[in-house]
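**Student:** Provided herewith is a single structure, encoded as structure tokens, for subsequent inquiry.
The values are calculated or read from the model by the stated rules, or taken from the named source; none is laboratory data. Since this is a predicted model, take the numbers as computed values, not measurements. Backbone-built Cβ (ideal geometry, glycine too); neighbour counts: all protein chains shown. The protein model used for the area step is the full one, side chains on, heavy atoms only, and it has no ligands, DNA or RNA in it. Shrake-Rupley method; radii C 1.70, N 1.55, O 1.52, S 1.80 Å.
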Amino acid sequence: MSNQKVKRTFSQKHPVLAVVIIEALLFLAVFTAGAYATIRQLSGTAPVLISFIPIAVVLAIYFSVKKKWGFYGFRSLRSIPKPDLVYYAPLLVVLAIIALKGFRPISVSEVLFYLLFTLLVGFVEESIYRGLILNILLPKGVKTAVLTSSILFAVTHILRVLSGQSALQTVLLIVYALLIGCALALLMVRGRNIWPLILFHFLHNFIQFVGNDNSDSYLGYDLAILALLALYCALLALSLKKTATPSQAEHSFN
């Protein structure tokens, strides 16, 4: 048997620094694209398209070259045990509540554009936050990985849409982004499958894009979703604690 030590990667040696670099590069890409789009007077979705398309390509190349697709959760949906499917059910409820707000008139070309746009966003953001960042931080404990990835996910979204928001809308957005990020991170830890998260993220954003504009008249819907997500996160954390192996428990929510 060889006594040769396994070479550790940069992210394994310096997980916090690796996460800071990933988040900084994402911010740089988005804000640079935003500045370019502003100068060129492009549409509101342009900054995301300009920055996320090359990011998606880089992620796909990295996962392929390093053979990391499976490690970061890109596994067959059939690998999810049937009893565990119940843990994804609340995500369907969230989508249903958002859909209850109704939809605005929209052309077929807009529908196709938003389908591709939201699929791109779902792939990139889930790969970064529930793929790279969460997995890099997991050796430091589930609680640290889940909370840190959720906070970074929330901060990224808040900075994108702060302008023109009322104080109430800003608070709701912060809490909403944190809870969504936390729920998806906990599901990733539990199921180790990123496809359901990408699918939810994609459908969630698509429904919001083609749906009626959020306003105070839908405050009841938003509060219902927040309450559901808070309960959902608590139940997921509890389920992880109960099913954790002794080695996992050392890094759990204690």
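**Student:** Evaluate E = 1/(1 + (r/R0)^6) for residue 235 and residue 25, where r is the Cβ-Cβ distance and R0 equals 22 Å; express this FRET efficiency to the nearest 0.05. Show your work: numbers first, answer last.
**Tutor:** On the way: r = 34 Å, r/R0 = 1.56.
Given R0 = 22 Å and the Cβ-Cβ separation, E is 0.05.
**Student:** Right, something else. Of the residues 83, 196, 54, which exhibits the maximal mean-square fluctuation in a Gaussian network model of the chain defined by a 10 Å Cα contact cut-off?
**Tutor:** 83
**Student:** Give the whole-number value, in cubic angstrom per residue, of the convex hull volume spanned by the C-alpha atoms of segment 1-155.
**Tutor:** Numbers: hull volume 29.0 nm³, N = 155.
Roughly 187 Å³ of hull volume per residue.
**Student:** Residue-wise, which Karplus ³J(HN,Hα) couplings in Hz belong to segment 47-60, taking 6.51 cos²θ - 1.76 cosθ + 1.60, θ = phi - 60°, and x for glycine or proline?
**Tutor:** x, 5, 4, 4, 8, 7, 4, x, 5, 4, 5, 4, 4, 4
**Student:** Which whole-number value in Å² is the accessible area per residue of the chain, probe 1.4 Å?
**Tutor:** Numbers: 14070 Å² over 254 residues.
Heavy-atom accessible area per residue stands at 55 Å².
**Student:** Something else: Is it possible to state the helix-based mean residue ellipticity at 222 nm for the chain, with each DSSP H run of 4+ residues giving -39500 (n - 2.57), the sum divided by total residues, to the nearest 500 deg cm²/dmol? What is it? Don't jump to the answer; show the numbers that get you there.
**Tutor:** On the way: 11 runs with 173 residues, N = 254.
Computed mean residue ellipticity for the chain: -22500 deg cm²/dmol.
**Student:** Turning to a different aspect of this structure: Can you tell which of 169, 41, 208 shows the greatest fluctuation in a Gaussian network model of the chain with Cα springs below 10 Å?
**Tutor:** Sorting by GNM fluctuation, first place goes to 41.
**Student:** On the accessible surface of segment 1-126, probed at 1.4 Å, how many percent belong to carbon and sulfur atoms?
**Tutor:** Numbers: 5860 of 8350 Å².
C and S fraction of accessible area: 70 percent.
**Student:** Counting only trypsin sites (Lys or Arg not before Pro) that are in a DSSP loop and have at most 10 other C-beta atoms within 10 Å, tell me the longest site-free stretch of the chain. Present the calculation step by step, with values, prior to reporting the outcome.
**Tutor:** On the way: sites that count: 5, 7, 8, 67.
Free of exposed loop sites, the longest segment is 68-254.
**Student:** Taking the Cβ of residue 240 as the centre, find all other residues whose Cβ is under 11 Å away and add up their charges (Lys, Arg: +1; Asp, Glu: -1).
**Tutor:** Working: positive: 143, 190, 241, 242; negative: none.
Net of charged neighbours comes to +4.
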